[in-house]
Amino acid sequence: MTDTPWKTYAEMIAEGDRGWRQTSVQELLAVAGERKAGRRIIAGIERELAAQRVGYFPTQLPTDQTAFVLLYNQDLQGVGSLLHLVRQLTETGTSTNSQIITLHALLHQLRAKPDEDATPE
């Protein structure tokens, strides 16, 4: 695998869809120039994505070529960085309750605050 197709792919994710993209394992195989999604091939794709700062859900890419995955740019503010925080949180080994409390706090900060100067209609 070479850096050039993965760099181009990462740039496409960063520039389109606000830093994230739903795709299939089959598309990732095409970028990698591979036909089958064996464990070795998938591990190589995961390394290439990590090298380009592209995160993904599920946290381990499936070997099913028709499976959907969600890719995101880890460095962009907004959805990509939030997804990266969520992924890191799920990998901490903390209890589900702790994870939910943390996610709630993160999402609460994203809520639009009502304009205090606005008068109700």
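The values are calculated or read from the model by the stated rules, or taken from the named source; none is laboratory data. All values reported here derive from a predicted model rather than from experimental measurement. Cβ sites come from the backbone with ideal geometry, for glycine too, and all protein chains shown count toward neighbours. The protein model used for the area step is the full one, side chains on, heavy atoms only, and it has no ligands, DNA or RNA in it. Shrake-Rupley method; radii C 1.70, N 1.55, O 1.52, S 1.80 Å.
Side notes on the structure shown:
- Residue within the range 101-119 that is open to solvent by 80 Å² or more (accessible area, probe 1.4 Å), modelled with pLDDT of 80 or more, out of contact with any His (no Cβ under 9 Å at 6 or more places or on another chain) and not aliphatic (A, V, I, L, M) present: no
- Test for Gly78: is it under 24 Å from Lys7 (Cβ atoms), at pLDDT 80 or above, touching a helix residue (DSSP H, G or I) at 6+ places or on another chain (Cβ under 7 Å) and among the small types (Gly, Ala, Ser): no
- Pairing each residue of the range 44-59 that is acidic (Asp, Glu) with any residue that is part of a helix (DSSP H, G or I), provided the two are 6+ apart or on different chains, yields C-beta distances under 6 Å for Glu48/Trp6.
- Residue selected from the range 17-34 under the condition among the small types (Gly, Ala, Ser) and touching a residue at least 40 places away in the same chain (Cβ under 8 Å), by the criterion surrounded by the most Cβ atoms within 10 Å (Cβ to Cβ): Gly19
- Filtered residue count, the range 28-51, keeping only those that are within 23 Å of Ser81 (Cα to Cα) and charged (D, E, K, R): 3
- Those strands (runs of 3 or more DSSP E) of the range 20-119 in which at least 1 residues are among the basic types (Lys, Arg), under 18 Å from Ala10 (Cβ atoms) and in contact with a Leu (Cβ under 6 Å, 6 or more places away or on another chain), considering only elements entirely within it, cover 20-24.
- Gln88 vs. criteria among the polar types (S, T, N, Q) and at pLDDT 90 or above: no
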